[in-house]
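Heads up: the structure comes next, in structure tokens.
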Amino acid sequence: MRQTLDNIIFIGMPGCGKSTLGVLFAKAQMYGFCDTDLLIQQKEKLPLYKVIEQRGIEGFSEVESEIVSKLRGYHRMVIATGGSVVLSEKAMENLRRNGTIVYIKLPSEEIKRRVRNITTRGLVMRKGETLDDIYRQRTPLYEKYADVIVDCTGLRTEESVERIIGALKRYTQR
């Protein structure tokens, strides 16, 4: 049997609900909450899309990796990451050392319905790339790094939180 869970890290595509579900999970389980996108904005003093515009994809990825790689010392914290965090092996190794990684899985069609304004959302995507391209590229990485995969297809927010809680309970009982 695994030890009790410490930090819970949410990964997944932009628009899958990492931040929304993270806050609600944190409230339900009496955890703290941290959003790495907000940490990036605080450090850079710019919205994410401006950081990407000014630094480029590589520059943004360096900032994201630096911030995520320095996350430590948290206890009973839900950490909602940016969708591109899985592109940095260094960042993912640090997250794995600091908690249980939960991949919030949704089909591409549902992601496209949820993500409307690509230009001001702060998505890490190259010119000419689509959400489908990003989905195909990142899905294997989300699956590779996840300790727990939770399919939230078609679920309401509360149902998704309940499913995550149940999946984590099963994970700790293995």
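All told, Glu159 meets the bar of being modelled with pLDDT of 95 or more and more than 14 Å from the chain's Cα centre (by Cα). Phe60 meets the stated requirement of being among the aromatic types (Phe, Trp, Tyr) and part of a helix (DSSP H, G or I). Here is the figure for segment 1-23: residues that are of a type in the set (A, V, I, L, M, F, W, C), under 10 Å from the mean Cα position of the chain (by Cα) and outside any strand (DSSP E or B) total 2. Among the residues of segment 24-49, those identified as under 30 Å from Glu109 (Cβ atoms), of a type outside the set (S, T, N, Q), in contact (Cβ under 8 Å) with a residue 24 or more places away in the chain and not in a loop (DSSP other than H, G, I, E, B) are Leu24, Phe25, Ala26, Ala28, Phe33, Cys34, Asp35, Asp37, Ile40, Leu48, Tyr49. Within segment 54-65, one or more residues are crowded, with 22+ Cβ neighbours inside 10 Å, over 30 Å from Gly154 (Cα atoms) and of a type outside the set (D, E, K, R).
The values are calculated or read from the model by the stated rules, or taken from the named source; none is laboratory data. Worth saying up front: this structure is predicted, and the values here are computed from it rather than measured. With ideal geometry, Cβ positions are generated from the backbone for all residues, glycine too; neighbour counts draw on all protein chains shown.
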